[in-house]
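> Here it is, the structure in full.
The values are calculated or read from the model by the stated rules, or taken from the named source; none is laboratory data. Keep in mind it's a predicted model, so treat the numbers as computed, not measured. Glycine also receives a Cβ, built like all others from the backbone with ideal geometry; neighbour counts cover every protein chain displayed. Heavy atoms of the whole protein, side chains included, go into the accessibility calculation; ligands, DNA and RNA do not. Shrake-Rupley method; radii C 1.70, N 1.55, O 1.52, S 1.80 Å.
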Amino acid sequence: MSTRPVVVMPDAVAVVTSYLRSALAAAGEPVPVVSRIPAPRPARFVRVERVGGARQTVVSDRPRLDVHAWADTEAAAADLAELVRALVHVIPGVRGGVTVYTVREVGGPQWLPDPESGSPRYAFAVEIHMRGRVLPGA
């Protein structure tokens, strides 16, 4: 029998999308923040997708997230991406009951027009170190 705790890591995408929805609304930019591209596709929205990462410690995870910002114009997509980037970097704290320790940028903003629609889009990538939940009695 193992003496190590059973630790369930948080859904990083759910934590970050929920945080960004609130933070963007508070910044006067209430745009949809989603994990999948909506249908119909709004003119402006942000998508957060987990693309990897690894367990950091026995009780913490460091998921890698790609963050994409779509808008009507290249300049508007760049501005939205920069706002989201700034907000992501101040996420450390307790968010939705999950402790977020640090954010490390692993890919700065890049112009990445949507290949299907041609819509203006910028993207960047971060790793977010967050604490898991220890299962009681496990």
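> Give the long-range amide H neighbours of Met9: residues separated by 5 or more places, or on another chain, with amide H under 5 Å away, using H modelled in the peptide plane at 1.01 Å from N.
Arg133
> Using θ = phi - 60° and the Karplus form 6.51 cos²θ - 1.76 cosθ + 1.60, what ³J(HN,Hα) does each residue of the range 56-65 get, whole Hz, x for Gly and Pro?
8, 9, 4, 10, 9, 10, 10, x, 9, 10
> Still on this structure, I have one more. For the chain, take the longest principal axis of its alpha carbons; what is the angle in degrees between that and the long axis of helix 74-88, to the nearest 10 within 0 to 90?
Long axis of 74-88 versus the principal axis of the chain: about 20 degrees.
> Taking 0.36 nm per residue of separation and subtracting the Cα-Cα distance, what length does fully extending Arg55 through Asp72 add? The partial results should precede the final answer.
On the way: separation 17, 0.36 × 17 = 6.12 nm, distance 3.73 nm.
Here the segment from Arg55 to Asp72 would lengthen by 2.4 nm.
> Okay, moving on. About the Cα centre, and with charges only on the beta carbon of Lys, Arg (+1) and Asp, Glu (-1), how big is the dipole of the chain? Nearest 20 debye, please.
660 debye
> OK, next. Taking amide H atoms as placed 1.01 Å from N in the peptide plane, list the residues 5 or more away in sequence, or in a different chain, whose amide H sits under 5 Å from that of Arg95.
Val100
> Provide the net charge surrounding Val7, with neighbours chosen by a C-beta distance below 11 Å and charges set as Lys +1, Arg +1, Asp -1, Glu -1.
Its environment carries a net charge of +3.
> For the chain, what relative contact order do you get, as a whole percent, if you take Cα pairs closer than 8 Å and at least 6 residues apart?
It comes to 28 percent, rounded to a whole number.
> Report, in deg cm²/dmol and to the nearest 500, the calculated mean residue ellipticity at 222 nm for the chain, where each DSSP H run with n ≥ 4 adds -39500 (n - 2.57) and the sum is divided by the residue count.
Mean residue ellipticity, 222 nm, calculated: -7000 deg cm²/dmol.
> Quick one, which of [x] 129; [y] 116; [z] 93 is the actual volume of the Cα convex hull per residue in Å³ calculated for this model?
Only one option fits the structure, namely [y].
> Next question. Would you mind telling me the share, in percent, of accessible area of the chain contributed by carbon and sulfur at probe 1.4 angstrom?
Carbon plus sulfur share of accessible area: 53 percent.
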